[in-house]
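Have a look at the structure below before the remarks.
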Amino acid sequence: MAAPMLRLCCPGRRWALACIDGCSRHRRGAPNGCTSSRKRGQSSVAQQPFITAQKSRKGEHEWAAVVGLEIHAQISSKSKLFSGSQVHFAAPPNSLVSFFDASLPGTLPVLNRRCVEAAVMTGLALNCRINKKSLFDRKHYFYADLPAGYQITQQRLPIAVNGSLMYSFCAGKNRSQVINKTARVKQIQLEQDSGKSLHDDLRSQTLIDLNRAGVGLLEVVLEPDMSCGEEAATAVRELQLILQALGTSQANMADYEIQRQINELENGGEILNETRSFDSKLGCTIPMRDKEGKQDYRFMPEPNLPPLLLYDTESLPAGADPQQVIDIDRIREQLPELPSVTREKLVQQYGMLPEHSFTLLNEVGLLEFFQNVMKETRAEPKKVTSWVLNTLLGFLKQQNLAVSESPVTPSALAELLNLLDRKAISSSAAKQVFEELWRNEGKTPAQIVSEKKLELMQDQEALEQLCHAVMEGHPQVVMDVKKGNPRAINKLIGLVRKATLSRADPTVIKEILEKKLAS
């Protein structure tokens, strides 16, 4: 997926380049045992030979990464790109295969309207120019899970071109500096997926599943405008959020490779022109096959598909059947709110820091959780933000849980924050209640507070007597306070809170102590 290009930075010398072109369509081969030759979300890369007049020694030079992305996103569609076969994950092998998917003689492609609309929506969201006329091509290569011997794609004239993907990431010591970047979108094209090969080395056989053959893909090609893996990962995440907001793809993707190239080059090796995939278990990329050049694909116009014609309001034919044409302007009007707009609204509406808005959107389901809490609580937005991002998210990550798996519901957290807001409990008690809620014992925050007697003391007279008793019992600490030791009063507050089993408000305790010390 990611396509880094390493540049050798050394004065007085020609730059040497090692280029990776991330191309996820052809992940061929597999390690050992019966495994899939390709998994959705893996990245594969093709690399140009590294050429330099002198071998580099390890650590002799600094390397600058230049990253471009070529991403294939599976279109969210009920049927395939050119056939009526259903698209359904984990269906029994070869149960969703039409005659066209199996490339039986005489079968013809029929373009899926939903896939075209998804491509137009994505193009508009990425600030692309939508071509009113686009063409389909055949891309030839041989492999067992491609029965036709070619893929139908858009090589010469794709559906969308010349766009931009704006993304931001947090930098600085406390990750509080938001840096805005833009990557150019070269093109977006429609393409059909190939099938899946299952290589069983133990039995020396390969099994073919054509359920995925013909599934619609969006190929999004970004120019090499990124300079590190973090930028590439951030750009991919932003694209994920956009595709998910549009509903055009579920967008499950993954990034690794730059350091491997640096190590290879500095140890005197060369970067081969090959396709690699990411092995999530090993945590590295592995070679899959040699990479073809454009001349090997023998591109040719697809003879069975006419040019794809789109319209806008001005060019729409009079009396045109809405089911037979696609109106670009109508799709533009129906675009949902994009992630960048959502983040701006969060900052403006709730006064949260920009980096907090990024976290809320980046964690799947976290924004919805936050908004549901806000609907049911009187607590200030900043306090809700803190509890969701620090306490809730901290517990989730500690146990490696998704937001949807949280044992604490938005309603329960809202009720807890309401107790805290009206000063029925202290902050420390609130944390104790949250821990009880996390154990998922089916009790409400109010029930936990009552059972564990965590309510704040409301009897002012009783609290004053406790403060007096603590001062009487610790004359040296009182003397330290009067001598100007600022930490001494905190010790007195802690002693009073201990005596009240943490059921007293520290602010109220401090006010009483200061009043008594001054008298």
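Worth a mention:
- For the range 146-276: rounded, prolate or oblate by the Cα gyration tensor [a/c cutoff 1.5]: oblate
- Sulfur and carbon atoms: percent of accessible area, the range 295-439 [1.4 Å]: 48 percent
- Computed with a 1.4 Å probe over protein heavy atoms only, the accessible surface of the range 125-174 comes to 41 Å² per residue.
- Two-site label geometry, residue 300 and residue 329: point separation in nm, points 7 Å out along Cα→Cβ: 4.1 nm
- Value of relative contact order over the range 153-204, rounded to a whole percent, pairs C-alpha under 8 Å and six or more apart: 41 percent
- Of all aspartates and glutamates in the structure, the ones whose alpha carbon falls short of 16 Å from that of residue 375, not counting any fewer than 8 places away in one chain, are 415, 421.
- Packing-based ranking, highest mean first, of 501-507, 222-228 given that Cβ atoms within 10 Å are counted: 222-228, 501-507
- For the range 142-219, chymotrypsin sites (Phe, Trp or Tyr not before Pro) meeting the loop criterion (DSSP other than H, G, I, E, B) and having at most 12 other Cβ atoms within 10 Å: 142.
- Anchor residue 80: aspartates and glutamates whose Cα lies under 13 Å away (excluding residues fewer than 8 positions away in-chain): 101, 191, 193
- Backbone geometry of the range 500-516 corresponds, through the Karplus equation with coefficients 6.51, -1.76 and 1.60 at θ = phi - 60°, to 3J(HN,Hα) couplings of 9, 6, 6, 9, 10, 6, x, 5, 5, 4, 4, 4, 5, 4, 4, 5, 5 Hz, x marking Gly and Pro.
- Per-peptide packing, taken as the mean over residues of other Cβ atoms within 10 Å, places 156-162, 310-316, 210-216, 487-493 in the sequence 210-216, 156-162, 487-493, 310-316 from highest down.
- Proximal lysines relative to residue 173, as straight alpha-carbon distance under 24 Å, when same-chain residues fewer than 8 apart are discounted: 181, 382, 383, 397
- Phi-derived couplings, Karplus 6.51 cos²θ - 1.76 cosθ + 1.60 at θ = phi - 60°, listed residue by residue for the range 126-133: 9, 6, 8, 8, 8, 6, 5, 10 Hz, with x used for Gly and Pro.
- Taken as Cα centroids, the range 343-371 and the range 93-155 sit 37 Å apart, rounded to the nearest whole angstrom.
- Carbon and sulfur %, accessible surface of the range 122-265 computed with the full protein complex present, 1.4 Å: 48 percent
- Averaged over residues, the count of other Cβ atoms within 10 Å places the peptides 353-361, 170-178 in the sequence 353-361, 170-178, highest first.
- Average Cα contact separation per residue, the range 191-243, under 8 Å, 6 or more apart, as relative contact order %: 31 percent
- Cα gyration tensor category, rounded, prolate or oblate, for the range 125-168 with a/c compared to 1.5: oblate
The values are calculated or read from the model by the stated rules, or taken from the named source; none is laboratory data. The model shown is predicted, which means the values in this text are computed figures rather than measured ones. Positions of Cβ are backbone-derived with ideal geometry, glycine not excepted, and every protein chain shown enters the neighbour counts. All accessible areas refer to the heavy atoms of the entire protein, side chains included, with ligands and DNA or RNA removed. Shrake-Rupley method; radii C 1.70, N 1.55, O 1.52, S 1.80 Å.
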